[in-house]
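Some notes on the structure that comes next.
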Amino acid sequence: MYGVVTRNEPETEWDEFDLSFYEVKDVAGRPSEPISGAINMVSCFGDNAAAGEDPDLVPVDSEGRPATRDRKYFDWSYICPTHEGYREGLLEIIADCAAANDDVRLDDVGFPREGYCHCDRCEAAFADSEFDDWEAWRASVITEFVAAASERIPGRTYLTLYPDPYPGHLYSRAGLDLDALTEYVDEFVVPLYDLDYGTTYWLESLVRGFRSALGGDYHLDGAEPETPLSVELYAVDVDVDKLIGAAEVADTYAKDVLFGYDAAQASAAIRRKDADERAGETYSPE
């Protein structure tokens with residue numbers, strides 16, 4: 001199936017899309033009301049607005065450096081996953097989304113990257129925990145949050161993954177334990193963004209890597225992952241033919257293909273692809 005990821009409610013109803021994701025809260029912290037006609041999507045621990053208003057929310061490394069968008073390697077500002085007040089607010093937003101539509105997508109879940117977080121709150125929580133290993137403790141924090149979120153979602157729980165399937169990387173980077181998360185997640189979504197898609201061998205490699213990471217077989221005729229995997233492509237200003245090529249590669253290995261943030265371009269690609277497939281059909285007399 002083909003779907004769209006959008007901030008514009010009317011686009012969720014376009015006929016070309018089999019499913020639609022509507023961004024209720026993005027990394028800017030901009031809120032919108034959940035809608036019933038799409039899968040509502042929440043940026044959990046990416047929030048420029050909240051981080052700007054309250055520095056106590058921001059994760060820091062062992063040297064006290066904050067995970068904010070004005071620093072190298074951070075595209076947006078992060079919120080510490082152990083901040084109880086912020087977590088409770090997130091869970092309320094997720095519950096509101098689930099009240100509008102049974103399915104919900106959790107985006108930007110996890111710690112910002114390796115070395116985070118060493119705020120006083122995290123240091124105390126780790127010291128009081130049952131864990132001797134800091135990375136294992138971090139993973140437990142994220143798994144517990146996803147479990148709490150999924151309890152509030154009566155339908156499918158979608159979870160976005162950072163596009164790095166190499167063994168151990170998601171665990172070390174963000175505290176994402178894929179084996180533990182599969183108990184609470186119904187479908188993973190991996191954004192594989194490019195401004196051109198002039199070549200797609202890297203896209204195929206990454207999707208195949210994620211199939212293996214999720215317990216499936218990267219061969220086309222092999223076992224599917226226990227938890228389904230979908231791919232999100234970037235559609236803004238991408239040439240339609242190249243977008244179609246990328247979609248065909250992703251569709252070979254993924255459950256669904258989603259197009260991000262340019263519904264018109266996504267719609268054009270789907271229509272063109274459908275037209276090309278119909279033109280290629282041959283019919284024999286009965």
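Listed values, structure above:
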| read-out | value |
| --- | --- |
| Pick from region 142-162, criterion hydroxyl-bearing (Ser, Thr, Tyr) and not in a helix (DSSP H, G or I), ranking: nearest to Tyr193 (Cα to Cα) | Tyr162 |
| Pair list, Cβ under 8 Å, 6 or more apart: region 173-190 residue hydroxyl-bearing (Ser, Thr, Tyr), other residue in a loop (DSSP other than H, G, I, E, B) | Thr182/Leu214; Thr182/Gly215; Thr182/Glu226; Thr182/Thr227 |
| Test result for Tyr218, modelled with pLDDT under 95 and closer than 24 Å to Phe259 by Cα | yes |
| Residue match in region 38-52 (condition: out of contact with any strand residue (DSSP E or B) (no Cβ under 8 Å at 6 or more places or on another chain) and assigned to a loop (DSSP other than H, G, I, E, B)) | no |
| Subset of region 169-191 [charged (D, E, K, R) and within 23 Å of Arg152 (Cα to Cα)] | Asp177, Asp179, Glu183, Asp186, Glu187 |
| Filter result for Gly198 (closer than 30 Å to Gly245 by Cα, small (Gly, Ala, Ser), without any contact (Cβ under 8 Å) to a residue 60 or more places away in the chain and out of contact with any strand residue (DSSP E or B) (no Cβ under 6 Å at 6 or more places or on another chain)) | yes |
| Residue that is surrounded by the fewest Cβ atoms within 10 Å (Cβ to Cβ) [pool: residues in region 88-100 that are touching a Pro at 6+ places or on another chain (Cβ under 9 Å) and either among the aliphatic types (A, V, I, L, M) or farther than 14 Å from Ser150 by Cβ (or both)] | Ala99 |
| Enumerated strands (runs of 3 or more DSSP E) restricted to region 186-286, each holding at least 3 residues that are among the aliphatic types (A, V, I, L, M) | 229-234 |
| Qualifying residue in region 200-216 (condition: under 17 Å from the mean Cα position of the chain (by Cα) and surrounded by fewer than 17 Cβ atoms within 10 Å (Cβ to Cβ)) | no |
| Selected residue (only one of Glu114, Glu144, Glu123 is over 19 Å from Ala67 (Cα atoms) and either modelled with pLDDT of 95 or more or not basic (Lys, Arg) (or both)) | Glu144 |
| Search result, residues across region 239-248 that are crowded, with 20+ Cβ neighbours inside 10 Å and touching an Asp or Glu at 6+ places or on another chain (Cβ under 7 Å) | none |
| Enumeration of residues in region 32-48 that are more than 18 Å from the chain's Cα centre (by Cα) and more than 30 Å from Pro66 (Cβ to Cβ) | Glu33, Ile35, Ser36, Gly37 |
| Every residue from region 234-252 that is of a type in the set (A, V, I, L, M, F, W, C) and within 24 Å of Arg7 (Cβ to Cβ) | Ala235, Val236, Val238, Val240, Leu243, Ile244, Ala246, Ala247, Ala250 |
| Only one of Gly29, Gly3 that is in contact (Cβ under 8 Å) with a residue 12 or more places away in the chain, assigned to a loop (DSSP other than H, G, I, E, B) and either under 23 Å from Arg138 (Cβ atoms) or within 18 Å of the chain's Cα centre (by Cα) (or both) | Gly29 |
| Within region 130-143, tally of residues that are within 14 Å of Cys44 (Cα to Cα) and free of Cβ contacts under 8 Å to residues at least 60 places away in the same chain | 1 |
| Asp103 being surrounded by 17 or more Cβ atoms within 10 Å (Cβ to Cβ) and touching a residue at least 12 places away in the same chain (Cβ under 8 Å) | yes |
| Residue satisfying all of: in region 157-173; touching an Asp or Glu at 6+ places or on another chain (Cβ under 8 Å) and under 26 Å from Glu204 (Cβ atoms); surrounded by the most Cβ atoms within 10 Å (Cβ to Cβ) among these | Leu159 |
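The values are calculated or read from the model by the stated rules, or taken from the named source; none is laboratory data. Keep in mind the model is a prediction, meaning the values are calculated, not measured. Because the Cβ atoms are built from the backbone with ideal geometry, glycine has one as well, and the counts that use them run over all protein chains shown.
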